[in-house]
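Only one structure is covered here, and it is reproduced in the block below.
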Amino acid sequence: MGKELKLVSEATLRSHIQARIRELGEMGLFISGSFVHTERKCGSKTCACASGGPKHPCCLLTSKVAGKTKSVYVPVDMAEEVEAWVAEHKRLKRLLKDIDELGERLIRIHVAARERRKTNQARVKQVKDHLDS
Ligand SMILES: [Zn+2]
């Protein structure tokens, strides 16, 4: 966390969070996992791929479920779309992380501002006491 970030006001942080929440509302379809370009045999015994020829390019969506890698073949005509879903999910995670960090800064800044107010009040009281004596 940089020093310059501490100078941001609570109101600014709140508006940054609101902006990200609005962005969440405008998200397209998303899906978790990694999009992988790979190749496979098609399963036909007469195809060149069955006898050591070139395999067929294909796409996989892989994800970890309870520590195990799960993968699903993505049909070619869906590949571009699913790749976009994966990118959108990354954006979603980034937004959630940003919101967390901004919220944390908001909490910290609030405490710091309260401490400053206390210190100022104490100074004002000191001056008053001084003037009264
Ligand atoms: Zn084949």
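Entry note, the chain: relative contact order of 28 percent, from Cα contacts under 8 Å with a spacing of 6+ residues.
The gain in end-to-end length when the R22 to L131 segment is fully stretched comes to 34.0 nm, 0.36 nm per residue minus the alpha carbon separation. Computed from backbone phi, the HN-Hα couplings of the stretch 65-76 come to 10, 6, x, 9, 7, 10, 9, 9, 6, 9, x, 3 Hz, rounded to whole numbers (Karplus: 6.51 cos²θ - 1.76 cosθ + 1.60, θ = phi - 60°; Gly and Pro given as x).
Mean residue ellipticity at 222 nm, helices only, the chain: -20000 deg cm²/dmol; runs of at least 4 DSSP H residues each add -39,500 (n - 2.57), and the sum is divided by the number of residues.
Just how many pairs of Lys in the chain have C-alpha atoms closer than 18 Å, counting pairs that are eight or more places apart or on different chains? Summing the qualifying lysine pairs gives 5.
Consider a paramagnetic label point 7 Å from the Cα of I31 along Cα→Cβ; state which residues of the stretch 64-81 have an amide N under 18 Å from it. Zone members listed by number: 64-66, 69-81. When the chain is fully extended, how far beyond the present Cα-Cα distance does R14 get from A112, taking 0.36 nm per residue of separation? Going from the current span to full extension adds 33.7 nm. Dimensions of the chain along the principal axes, based on C-alpha atoms and rounded to the nearest Å, stand at 105, 28, 25, largest first.
Any read-out appearing in this document is the output of simple, stated calculations on the displayed coordinates, not a laboratory observation. Nothing here was measured: the structure is a model prediction, and the numbers come from that model. Cβ coordinates were reconstructed from backbone atoms using ideal geometry, including for glycine residues, and neighbour counts include every protein chain displayed.
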